[in-house]
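*Asks:* Pasting a structure below so you can have a look.
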Amino acid sequence: RGASPGEIKKAYLKAALKWHPDKNNDPEAQARFLEISDAFRQLSRESGSGGSRGRRRPGFAGASQQEAEEAVKEAMRMFAQSLGLDDFLQNGTINWEQVGGRIGDMVSTAAGNAVDALASTLKARYLDSNGAVSWKTVFGDAAIAGA
């Protein structure tokens, strides 16, 4: 009680990552994940629109198999959405191979951008307006560096 929406989301993500059924082989992982997701849903509604306190979702004791499966799919959708992984959710599960591929692409792009930025910085520092090497600057920097 009294936690900010950001604190609630941070705590949810930490617990959901720990108990996510795709990542945790504990027999109770799915049930814990559903409980965590339901609590997050309720707390989010309370802190946002004042929503429905105390309402239980399917997937708990007494629910049918179909209700439990729907609860798992909803929990997975909410988890994926909270991490910005909506595009990687298929049939109620996150396609971790696609997530890994997207992260690899982002890292490659970032590395390429860093190399380009470094090259631009070095050119601006060590080339004069005609594109010739400014040896005065090169030797000055080398002397400062102790080379």
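*Asks:* Starting from the Cα of Lys14, draw a straight line to each of the aspartates and glutamates and keep only those under 19 Å, dropping any in the same chain fewer than 8 residues away.
*Replies:* Asp22, Asp26, Glu28, Glu35, Asp38, Glu74, Asp86
*Asks:* Show the residues, 5+ positions off or on another chain, whose built amide H is closer than 5 Å to the amide H of Leu127.
*Replies:* Amide H to amide H, under 5 Å and 5 or more residues apart or across chains, Leu127 pairs with Ser134.
*Asks:* Taking Rg/Rh (Cα atoms, Kirkwood Rh) as the quantity of interest, determine which of [x] 1.31; [y] 0.94; [z] 1.08 was computed from the displayed structure.
*Replies:* [x]
*Asks:* What do you get for Rg/Rh of the stretch 95-137 when both radii come from the Cα atoms and Rh is the Kirkwood radius?
*Replies:* For the stretch 95-137, the value is 1.37.
*Asks:* Continuing with this model, one more query. Which net charge results when you count Lys and Arg as +1 and Asp and Glu as -1 among the other residues whose beta-carbon is under 15 Å from that of Ala142?
*Replies:* Result for the local shell: +1.
*Asks:* Return the FRET efficiency for the residue pair Lys9, Glu67: r is the Cβ-Cβ distance, R0 is 30 Å, and the value is rounded to the nearest 0.05.
*Replies:* So, using R0 = 30 Å, E works out to roughly 0.70.
*Asks:* Where is the GNM fluctuation largest for the chain (alpha-carbon springs, 10 angstrom cutoff): Leu122, Leu34, Leu89?
*Replies:* Of Leu122, Leu34, Leu89, the Gaussian network model singles out Leu122 as fluctuating most.
*Asks:* Could you pull out which residues in the stretch 20-36 have an amide N less than 18 Å from a spot 7 Å beyond the Cα of Glu97, following the Cα-Cβ vector?
*Replies:* 22-23
*Asks:* Mind telling me which of Gly84, Gly131, Gly104 comes out most flexible in a GNM of the chain, alpha-carbon contacts under 10 Å?
*Replies:* Residue with maximal mean-square fluctuation among Gly84, Gly131, Gly104: Gly131.
Values in this text are rule-based calculations from the coordinates and carry no lab data. None of these values were measured; they are calculated from a predicted model. Here Cβ is always computed from backbone atoms with ideal geometry, including for glycine, and neighbour counts include all displayed protein chains.
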